[in-house]
Amino acid sequence: MSLFSPWHKDNAEAVAAEARDLLRRQLPQASRRRFLARGLTLGGLSLLSGCVIDDNASAEAALTRISRINDWVQGRLFDPSLLAPTYPDSMITRPFPFNAFYDEDMAPRIDAGDFRLEVAGLVAHKRPWSLPELRALPRYSQVTRHICVEGWSAIGKWGGPRLSDFLHMIGADLNARYVGVHCADGYYTSIDMATALHPQTLIALDWDDRPLPPKYGFPMKLRIPTKLGYKNPKHIQAIFVSNTFNRGYWEDQGYNWFGGS
């Protein structure tokens, strides 16, 4: 993941106020290894984890355990009725930054006519959905702030159906624990069901009142303003509902799984 725009000093206070709850329970850096290097000692980890840490494998195991506790605490604190701040169109960041684990010219090019969203797992109706069918669902629009774990933010406008409405339509088991996605660019992640049902969690089909361009995730992405940027996957090809814990592309490399407020 690359850093594409600095967090400008002039708006630092405004962003910090919004990001406080979103970031306060994340690891200070994206990498658990960097987190360890910046001052959490092996002795401190030993006290927290209840085990003796004298090698890299033990340190990783302890950090993984702490991260899982962190996920549990964030999940318990999550308020499904609390909305992320919204903004007027005049505050949209232009150009909105591209962000991925590859260069912009490598973004997938997907044929709209051939696209089918696959649904799987604990759902009653497992048929694929075409893009026109998705666009026929009730549409919502929001101007919210995207907050990247790397320290920058940008305000964007996304539109599309609520993920909660789609989950109802496919007969998803809403008592299941997780909703996961697989993407055309090889990305994957999962979120808790409470976040999936949050009213601001969108199946984003539009950017700034126009169809998503490839660099922003065509034909669809999840826009989750209560989560950090890496929990907002692009180029989605499949959605699944499950009680089996699945992590994610960056989460498997050390990022916190819950990734939000």
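The values are calculated or read from the model by the stated rules, or taken from the named source; none is laboratory data. Worth saying up front: this structure is predicted, and the values here are computed from it rather than measured. FYI the Cβ positions are ideal-geometry reconstructions off the backbone, even for glycines, and counts take in every protein chain you see.
Of everything listed in (1) surrounded by fewer than 16 Cβ atoms within 10 Å (Cβ to Cβ); (2) in contact (Cβ under 8 Å) with a residue 12 or more places away in the chain; (3) not in a loop (DSSP other than H, G, I, E, B), the single unmet condition for residue 175 is (3). Summed over the stretch 190-213, residues that are more than 24 Å from residue 243 (Cα to Cα) and either of a type in the set (Asp, Glu) or surrounded by fewer than 20 Cβ atoms within 10 Å (Cβ to Cβ) (or both) total 6.
Taking residue 206 as the residue in question, decide whether it is in contact with a Gly (Cβ under 7 Å, 6 or more places away or on another chain) and among the acidic types (Asp, Glu). Judged against the criteria, residue 206 is a match. The single condition among (1) under 22 Å from the mean Cα position of the chain (by Cα); (2) at pLDDT 95 or above; (3) of a type in the set (Lys, Arg) that residue 76 does not satisfy is (2). The lone criterion from (1) closer than 25 Å to residue 88 by Cα; (2) touching a Pro at 6+ places or on another chain (Cβ under 7 Å); (3) acidic (Asp, Glu) left unmet by residue 185 is number (1).
Of the residues making up the stretch 221-256, those that are in contact with a strand residue (DSSP E or B) (Cβ under 8 Å, 6 or more places away or on another chain) and under 24 Å from residue 85 (Cβ atoms) number 14. Against the criterion of being closer than 22 Å to residue 191 by Cα, surrounded by 16 or more Cβ atoms within 10 Å (Cβ to Cβ) and at pLDDT below 95, residue 143 does not qualify.
Taking the listed residues 247, 223, the one that is touching a residue at least 12 places away in the same chain (Cβ under 8 Å) and within 11 Å of the chain's Cα centre (by Cα) is 223, with no other qualifying.
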